[in-house]
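Data block below; observations after.
The values are calculated or read from the model by the stated rules, or taken from the named source; none is laboratory data. Worth saying up front: this structure is predicted, and the values here are computed from it rather than measured. Using ideal geometry, Cβ is built from the backbone for each residue, glycine included, and neighbour counts are taken over all protein chains shown. Accessible surface is based on the protein model in full, side chains and every heavy atom, while ligands, DNA and RNA are left aside. Shrake-Rupley method; radii C 1.70, N 1.55, O 1.52, S 1.80 Å.
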Amino acid sequence: MNHAVKTTLIVGQPLDRVDGRLKVTGTATYAHEIKSSRAPTYGFILPATIAKGRIAAIDTRRAETAPGVLLVLTHRNMPSQPKFGPARPPKGGPSRYARASPFLGDDRVRFWGEPVAFVVAETFEAGRHGAALIHVDYTAEPQITDLRANLDKTYAPETVNGGKATDSAMGDFNAAFGSAPVTVEGTYWIAYQAHNAMEPHAAVAEWQGSRLIIHTSTQTVADTRAAVAATLGMPIDDVRIVSPFVGGGFGGKLGVRAETILAAFAARVLGQPVKAAQTRQQVFHNVGHRPACSQTVKLAATHDGRLTGISHDVVMQSTPSEEYAEQSATATRALYAAPNRSTRHRLVRLDMPGGEPVRAPGEAPGLLALETAMDELATALGMDPIELRIRNEPHLDPERQVPFSSRNLVRCLREGATRFGWAQRPRAPGSRREGRSLVGYGVSAAIRSNYIAKAEATALLERTGTVTVRTDMTDLGTGTYTILTQIAADELGLPPERIVVQLGDSRFPRSPGSGGSWGAASSGSAVKDACHKLRAAILERAASVPNSPLFGADTAKGSIRNGIVSSGRRSADIEAVAAAVAVGGLETRGQVVGMADNPAYSQFSQYAFGAHFAEVRVDADTGEIRLRRMLGAFAVGKVLNPKTARSQVIGGMIWGLSSALHEDAVIDPRFGLFVNHDLAEYHVPVHMDVPDVDAFFVLEDDDKGNTLGIKGIGELGICGAGAAVGNAVFNATGIRVREFPITLDKVLAGLPDQLESMRQQ
Ligand code: MOS
């Protein structure tokens, strides 16, 4: 009778976060809240106050005798460390996040904010006070920290982030540009941006004999473990990294940071647990940022809007000691058809903190430039910008000349346009006036690489009938616990309440962690494989273990649905089966290979796509720019959980809005510091800035990338989003701002005559 039970798939349902209750009751324990086995001590970082030079003298005596201070580490008494590096990790070698990362290693200062001392005390306050008592004399050296003033001092990196080619070329772009009937050319400036995860970087380090356990906030447990072992010169097996809850990462927690390394060394010196966190101000200088860049896009087209040439040149900040090259022109290699093409990335070494991936590295700034340029071309052609994009839809990846695994940009543009009411768009820029406001609409395309990386997971059936899934994958707040629960539940035929997902511990099977939007595909595929094997093992054992309720049944007819194990006419609850077949636990291991070993990645070009629509109003008198509404349409293969997926993409869209209108980490070139290094002066959108943002997913099947049929979504939402907002500002005002963020001072001078504006009211 039971085998007629209807199967309800959990994947695809808007399941509430399985860790939601822990989060809202404050019982999800983040790194800094971990209770160490003994009372912790507190470490505080003292940052350098010059951009380049040497520590001539450092006087720590007052700090050392201050009340509560236990230890002051500087370059003079730091335990020995290996050199940082390699600065440019070799191709095919270990990840850049697994490198030895020494701090306080010498008397050199490479950037403003670099740690020069670490004060450990009985309380956080005593540590901070102790740090304030340290006197440092610097020998400053001439430094360069102004990108705009040094845009000509470029060099070409060997590759750009993700191992992608630095340059690409097809046909003859210059000839195409020189002979095209319609051309546009724009140089776009994108400001420095900071990750600003809600949870600042934090760690609690504790030694147990020769073993080190660190609770830290990281995106990548395995890389962090490797970096810690390399920096402390110890066997990797003696290091355990634990990171079950992470309050946002966005790329700033891909690797190990100063607080973690310094806490580990200090805990060893003191023989006591050390807790350390970076302050919000320190985070601006010590975890990387999106490098500022100048991008030049040139487009050549026929009168009917067919692109004959695309070129995209990027110049961005790097450093003398560490290289990071954001792949900002790489999306341009795949987005539109055109026979003549050229992309280039160049770096300028500045005496500043090194850049790091920041949400959608590459596409996020690259599409701000390219998708603004496409809007400029539509204006030059007098063509609807959606039609222009549709006209340049390629049949194959235009540079790789392989098919796309799936590509539904056009559907996103069309379905999004209908839902948004694109037909109501003001035709002529600056033509719609509503009271004091000029109103405009903007559109842009979204494209984001779809990745997968090698991952492993285990699934363990306990004798209670509960299944525990384990991987060292992290949940940054994105919903990883929830989607892995859903995947396991469906694969095993068990209700989600029977699945326990455990993440973020280096004792668990290795995953690539969270980054690049590869997390769901990578860890999800490994979990699916582990659960697939566990299901087979349960059915096999149910039939073969003598005291099993299904002993002797035909395994070939076996199934598990809604927690009922069946074979033919016989069935039993998973609890009864587990009590017999999983006495000591029944465990399987699953895995998935990475892109290099997956032929679908060489045979197909794999991207997720989308389209953004924005409506803004600009105050005709003050230039104040307000978003009215924004809609995103996305094609991401199968959606595992519409609730967490929507949350991911609208979060990205809001960051896109932010990059268009708000974010700008301002360098003071005299000191090389970000002067607005806190959330009071570094602007991010608040609720008042985000009145109405919505997103939907178009139906899409893609079985090429992984067995789940999904694509990465975390970073897709930001891709192109800022350009839609900027294009809406142009449509509202007729003013094209090529310097992001678009603040009111940049539109004010071009607004219609103030008197004229008063007459109309
Ligand atoms: Mo992401 S910027 O790879 O966390």
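State which entries of Lys253/Lys638; Lys454/Lys704; Lys533/Lys643 exceed 20 angstrom in Cα-Cα distance in the structure shown.
Too far apart for the 20 Å limit: Lys253/Lys638; Lys533/Lys643.
Which FRET efficiency value, to the nearest 0.05, is calculated for Ala56 and Glu739 with the Förster distance at 35 angstrom and r the Cβ-Cβ distance?
0.35
Post the alpha-carbon centroid distance, region 522-578 to region 331-393, in whole angstrom.
So the separation of the two Cα centres works out to 51 Å.
When all protein chains stay in place, what accessible area (Å², nearest 10, 1.4 Å probe) is found for Arg561?
Rounded to the nearest 10, that gives 90 Å².
Report, in deg cm²/dmol and to the nearest 500, the calculated mean residue ellipticity at 222 nm for the chain, where each DSSP H run with n ≥ 4 adds -39500 (n - 2.57) and the sum is divided by the residue count.
My calculation for the chain gives -7500 deg cm²/dmol from helical runs alone.
Using a Förster distance of 22 angstrom, determine the FRET efficiency expected from the C-beta separation of Lys23 and His687, and round it to 0.05.
On the way: r = 19 Å, r/R0 = 0.88.
Efficiency at R0 = 22 Å is approximately 0.70.
Indicate the gyration tensor shape class of region 269-318 (rounded, prolate or oblate), computed on the Cα atoms with a ≥ b ≥ c the square roots of the eigenvalues: a/c under 1.5 is rounded; otherwise a/b larger than b/c is prolate and the rest oblate.
Prolate, because a/c is 1.5 or more and a/b exceeds b/c.
Could you name the lysines whose alpha carbon sits less than 30 Å from that of Lys298, not counting residues in the same chain fewer than 8 places away?
Leaving aside lysines fewer than 8 places away in the same chain, those within reach of Lys298 are Lys153, Lys164, Lys746.
Can you tell me how region 327-412 classifies by the Cα gyration tensor, rounded, prolate or oblate, using a/c under 1.5 as the rounded cut?
Judged from the Cα gyration tensor, region 327-412 comes out prolate (a/c at least 1.5, a/b above b/c).
How much accessible surface area, in Å² rounded to 10, belongs to the heavy atoms of Val410 with a 1.4 Å probe?
Spelled out: Val410, probe radius 1.4 Å, area about 30 Å².
With +1 on each Lys and Arg Cβ and -1 on each Asp and Glu Cβ, how big is the dipole of region 577-715 about its Cα centre, in debye rounded to the nearest 20?
So the magnitude is around 500 debye.
So what is the relative contact order of the chain, in percent, for Cα pairs below 8 Å that sit 6 or more residues apart?
Answer for the chain is 16 percent.
Taking the Cβ of Gln278 as the centre, find all other residues whose Cβ is under 9 Å away and add up their charges (Lys, Arg: +1; Asp, Glu: -1).
Local charge sum for Gln278: +1.
To the nearest 20 debye, what charge dipole does the chain have about its Cα centre, counting +1 at the Cβ of each Lys and Arg and -1 at the Cβ of each Asp and Glu? Please report the intermediate quantities before stating the final value.
Numbers: 81 positive and 78 negative charges, 247 e Å.
So the magnitude is around 1180 debye.
Over the chain, what is the percentage of antiparallel beta bridges among all DSSP beta bridges, to the nearest 5? Before the final figure, lay out each step's value.
Working: 104 of 133 bridges.
So the antiparallel bridges in the chain amount to around 80 percent.
From the square roots a ≥ b ≥ c of the eigenvalues of the alpha-carbon gyration tensor of the chain, which class results: rounded (a/c under 1.5), prolate (a/b over b/c), or oblate?
It comes out oblate by the Cα gyration axes.
Relative contact order for region 272-409: what percent, with Cα pairs under 8 Å and sequence separation of 6 or more?
26
Taking the Cα centre of region 160-227 as origin, work out the dipole magnitude from +1 charges on Lys and Arg Cβ and -1 charges on Asp and Glu Cβ, in debye rounded to 20.
Values: 3 positive and 6 negative charges, 58 e Å.
For region 160-227, the charge dipole is close to 280 debye.
Can you sort His289, His677 by solvent-accessible area, 1.4 Å probe, largest first?
Sorted by accessible area, descending: His677, His289.
At 1.4 Å probe size, what's the solvent-accessible area of Arg268? Round to the nearest 10 Å².
Probe radius 1.4 Å; accessible area of Arg268 about 100 Å².
Say the dipole of the chain comes from +1 at the beta carbon of Lys and Arg and -1 at that of Asp and Glu; which of Ala417, Val18, Thr302 then lies farthest toward its positive end?
Result: Val18.
Mind checking which helices in the chain clear 30 Å along their axis (Cα) and have mean Kyte-Doolittle hydropathy of 0.0 or more, DSSP H runs only?
In the chain, the long hydrophobic H runs are 519-544.
Based on alpha-carbon centroids, what's the gap between region 677-706 and region 256-307 in Å, whole number please?
Each part's Cα centre sits 20 Å from the other's.
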